[in-house]
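The values are calculated or read from the model by the stated rules, or taken from the named source; none is laboratory data. Computed from a prediction, not measured in an experiment: that's the story for all the values here. Cβ sites come from the backbone with ideal geometry, for glycine too, and all protein chains shown count toward neighbours. What goes into the accessible areas is simple: the full protein's heavy atoms, side chains included, and nothing from ligands, DNA or RNA. Shrake-Rupley method; radii C 1.70, N 1.55, O 1.52, S 1.80 Å.
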Amino acid sequence: FPSHDTGTNIKKAFEKADELLKSSKVYRNRIVVLATDGEDTRESIPSDIPASLIILGIGDTDGSFIRYKDETTGLSGFVTKEGKLSGNPSDPLLIKSALNDDYLKKIASKMGGEFINLNTNPGGADAIISKVGEMDKNSETILKDISRRDGYQYLLFPALVFLLMDIMVLEIYGKRAG
């Protein structure tokens, strides 16, 4: 989704997430985590998605160059507008990214989500773990509530008694008839 000069098309990212969430590949609990600096191509507010939303704001509002390091190969440097890496921090082609937290807060607010600025709150991963834990507890509570609401267990014993009485009557009636 990145565009080297204009930022990320966040609306398109949400459209793809919505497509995946509506597919048969996703079940019960749904969380979308968006990690971005918020530099969007148009700053349009995406449409709602059927999931809990956590937005992790990356970077700072003053802006900084995007550093990349591949842990596997050891390749590292600053990302350029050409999509390459440069080891020179004075390279005029370096992409400078600034956190647009106002825009990200708007998205989170509109969708009932949560915005976490990782620059001021580096424990953002804890929020994700907490949200997943809440969802598991909510699922268990919902299943218990459905079980209690149906009340099938109260009718099970009388049904068994009637079944046994029916079998006994058929046995007795069958012996007398035979």
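Among the residues making up the stretch 89-118, a single one is in contact with a helix residue (DSSP H, G or I) (Cβ under 9 Å, 6 or more places away or on another chain), farther than 16 Å from residue 14 by Cα and either assigned to a loop (DSSP other than H, G, I, E, B) or free of Cβ contacts under 8 Å to residues at least 12 places away in the same chain (or both): 118. Taken as a whole, the condition of being among the β-branched types (Val, Ile, Thr), open to solvent by less than 70 Å² (accessible area, probe 1.4 Å) and at pLDDT 75 or above does not apply to residue 169.
Considering the conditions (1) assigned to a loop (DSSP other than H, G, I, E, B); (2) surrounded by 14 or more Cβ atoms within 10 Å (Cβ to Cβ), residue 78 is excluded by exactly one of them, (1).
How about the stretch 119-128: which of its residues are open to solvent by less than 40 Å² (accessible area, probe 1.4 Å) and either among the charged types (D, E, K, R) or assigned to a loop (DSSP other than H, G, I, E, B) (or both)? Talk me through it step by step, then tell me what you get.
If we filter the stretch 119-128 for residues that are open to solvent by less than 40 Å² (accessible area, probe 1.4 Å), which is where we start, we get 123-124, 127.
Selection gives 123 alone.
Does residue 100 satisfy the criteria of being among the polar types (S, T, N, Q), at pLDDT 75 or above and farther than 23 Å from residue 48 by Cα? Judged against the criteria, residue 100 is not a match. With respect to the conditions (1) at pLDDT 90 or above; (2) open to solvent by less than 40 Å² (accessible area, probe 1.4 Å), residue 115 falls short on a single one, namely (2).
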